[in-house]
Amino acid sequence: MRYYLDTNLLIFILSHQDDSISWKVSDIIFDFSNILYTSSVAVNELILLHKTDNVKLSDCKSAEDIISKIEQFDIKIVYYNQYHLAKYAALDLVDGHKDMNDHAIIAQAISDKIPLISSDTKFQYYTGQGLDFIFNKR
């Protein structure tokens, strides 16, 4: 099966925060028959968090190291395209959720019809718009 990983899951995986990944999600991530993806939007967000010292990734001395680290975990980066943007434009906003990166990642998962794994509780409010959401309870 295919799965998208949100930025917070990338952080947990790359920083070896195994205690932040639920058993259910861990089973998905470490089932090597599954294909793991992440959005280029999530990678952009992670790079910015790293550059601003909001996220520490001990194995990554530079922002460029993040991309190769993602690839070492066999996570494929899917680049945001015009179809994702069309879904983003059509996405209804949820009260109190104004994060444009989250909206882009959600729109990409809906457009590609791939379940999205995240620890963000607000993502559940997009299931009525077609998001197949798997919550990572920390």
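The values are calculated or read from the model by the stated rules, or taken from the named source; none is laboratory data. On a predicted model such as this, the values are computed, not experimentally measured, just so you know. Glycine also receives a Cβ, built like all others from the backbone with ideal geometry; neighbour counts cover every protein chain displayed.
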**OP:** Within segment 85-125, work out how many residues are of a type outside the set (Val, Ile, Thr), free of Cβ contacts under 8 Å to residues at least 40 places away in the same chain and either in contact with a Ser or Thr (Cβ under 7 Å, 6 or more places away or on another chain) or part of a loop (DSSP other than H, G, I, E, B) (or both).
**Re:** 10
Subject >> Selection from segment 112-130 of residues that are surrounded by fewer than 19 Cβ atoms within 10 Å (Cβ to Cβ) and over 19 Å from Ile29 (Cβ atoms) >> reply: Lys113, Thr121, Lys122, Gln124, Tyr125, Thr127, Gly128, Gln129, Gly130
Subject >> His50, sole failed condition from (1) at pLDDT 95 or above; (2) surrounded by fewer than 21 Cβ atoms within 10 Å (Cβ to Cβ) >> reply: (1)
Original post:
Assuming Asn54 fulfils every condition listed in (1) part of a loop (DSSP other than H, G, I, E, B); (2) within 20 Å of Ile106 (Cα to Cα); (3) of a type outside the set (Phe, Trp, Tyr) apart from one, which condition is it?
Top reply: (2)
Subject >> Test: Ser33 is surrounded by fewer than 18 Cβ atoms within 10 Å (Cβ to Cβ), under 20 Å from Ser111 (Cα atoms) and out of contact with any Pro (no Cβ under 8 Å at 6 or more places or on another chain) >> reply: no
Original post:
part of a helix (DSSP H, G or I) and of a type in the set (Lys, Arg) - does that describe any residue in segment 12-33?
Top reply: yes
**OP:** Check Ile70 against each of (1) free of Cβ contacts under 8 Å to residues at least 40 places away in the same chain; (2) of a type in the set (Val, Ile, Thr); (3) farther than 16 Å from Phe133 by Cβ; (4) in contact with a strand residue (DSSP E or B) (Cβ under 9 Å, 6 or more places away or on another chain) and name the one condition it does not meet.
**Re:** (1)
